[in-house]
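To start, the structure itself, in structure tokens.
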Amino acid sequence: MLTYNMLFEKELRKLLIETIERRKDDLSFGHALDYQKEVGIITGLRTALDLCDEANKLLSNT
């Protein structure tokens with residue numbers, strides 16, 4: 001059985017990945033008005049995913 005925190009993390013990761021993909025699509029189809037800003041946002045979202053992984057590793061080692 002999944003705990004609330006596990007469900008929260010799963011949904012958050014899913015939303016982050018969907019947002020990254022949507023913004024990447026906007027960039028590739030030329031819909032983004034400010035290229036550098038969009039790349040920065042994508043980088044930030046990927047960093048959030050990396051931090052989720054790092055937090056999981058830290059918690060699993062305790």
- Taking LEU16 and the conditions (1) more than 13 Å from the chain's Cα centre (by Cα); (2) part of a helix (DSSP H, G or I), which numbered condition does it fall short on, given that it satisfies the others? (1)
- So how many residues does the stretch 10-62 have that are hydroxyl-bearing (Ser, Thr, Tyr) and at pLDDT 95 or above? 3
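The values are calculated or read from the model by the stated rules, or taken from the named source; none is laboratory data. From a predicted model like this one, the values you see are computed outputs, not experimental measurements.
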